[in-house]
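To start, the structure itself, in structure tokens.
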Amino acid sequence: MHHSFFTPNSSLYMGPPHGEPPLSRTGFIALSVVMALFTGPAIVLNATVIIVSLMHKQLRQPLNYALVNMAAADLGTAMTGGVLSVVNNAQGYFSLGRTGCVMEGFAVSLFGITSLCTVALIAVERMFVICKPLGHMTFQKKHACGGIALSWLWSLTWNIPPLLGWGRYDLEGVGTSCAPDWHSRDPHHLSYILVYFAVCFALPFAIILISYTKLMWTLHQVSKLTCAEDGAVAKAELRVASMVIIMVLTFLISWMPYAGLSMLVVYNPHVVINPLVATVPVYLAKSSTVYNPIIYIYCNKQFRRYAVPFLLCGKEPWLAEEASEAATMVEMTTNKVSPA
């Protein structure tokens, strides 16, 4: 059997010695199938968000710029880390060599941190627009483009150092995917991991949580907000706020186990972790790529109006439902105004 190029003495090799695979053949196949179930829909749905937004001018609004940027980052993660996880798990080993590992680790980290920064951007945007800490503010195209550029630049800045010798990319989990090396005891690499965690995980998470808390508080003041401004506008803004909160929650649920496990290994290098247990948070984080497009296609009526027919080759299942709702409202209104 062909095994990975990594030796059992590699800092990130968590399997048994003498090149024995850390999982049974059935276990690897099961992981491959699970990742395929997430990766396939992630590629289709994120590509749909991008294509539909390019096709329809009505969707080219500042907030949607950020949503499309997240779809692009999630598509990148699915096309690199997702597809390679399916292929490598199906083979039972990482087959692309050291260079392939570094390339995969860099790509997945670049796209993943960009996506995380974009969630922070969207949460901050909603917080400023809904909670108005600086007074009335509109989120314009220049704000969206600036935030998007910053998310990519920030991610690129902190993911390039391992390519230059500060930190490194190495195998993780059951040895079929690569990421920043959280296990290294070399002070040079360890310093990178601590800085990386602070600026690429802790900082965006803090921004997201602060914005999320303010948004949650705003949701408890719906009546006050509705009285303060036009009711329809307030309800529309709150719908978007609710969508962002759902996105933030799913992202936290997806990424917190991975971030937590990584820091556990950094602070307690002698902890013994089963390779399969170590792999679950990795794949949970990668699965986040499929949640966001589902959330904003479902929650955003405008996106849904264009995305669903695109996915279903022209069929519009919600049209009949909306027509039925409209007819019911007309009938109720007619009954109210009709004489007794």
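None of the figures in this text is laboratory data; all of them are computed from the coordinates on show. Predicted model, so just to flag it, every value in this text is computed and none were measured.
Rounded to the nearest Hz, the phi-derived 3J(HN,Hα) couplings of segment 29-44 under the Karplus curve 6.51 cos²θ - 1.76 cosθ + 1.60 (θ = phi - 60°) are 4, 4, 4, 4, 5, 4, 5, 5, 5, 8, 5, x, x, 4, 5, 5, where x marks glycine and proline. Annotation: amide H of Ser177 within the under-5 Å range of Glu172, sequence separation 5 or more or interchain, hydrogens built in the peptide plane.
Couplings 3J(HN,Hα) for segment 112-118, derived from phi with the Karplus relation 6.51 cos²θ - 1.76 cosθ + 1.60 (θ = phi - 60°), are x, 5, 4, 5, 4, 5, 5 Hz, where x marks Gly and Pro. Computed from phi, the 3J(HN,Hα) profile of segment 70-75 under the Karplus parametrisation 6.51, -1.76, 1.60 (θ = phi - 60°) reads 5, 4, 5, 5, 5, 5 Hz, with x in place of Gly and Pro.
Kirkwood radius, segment 120-223, all distinct C-alpha pairs, inverse of mean reciprocal distance: 16.2 Å. Computed on the Cα atoms alone, the convex hull of segment 25-99 gives a volume of 86 cubic angstrom per residue.
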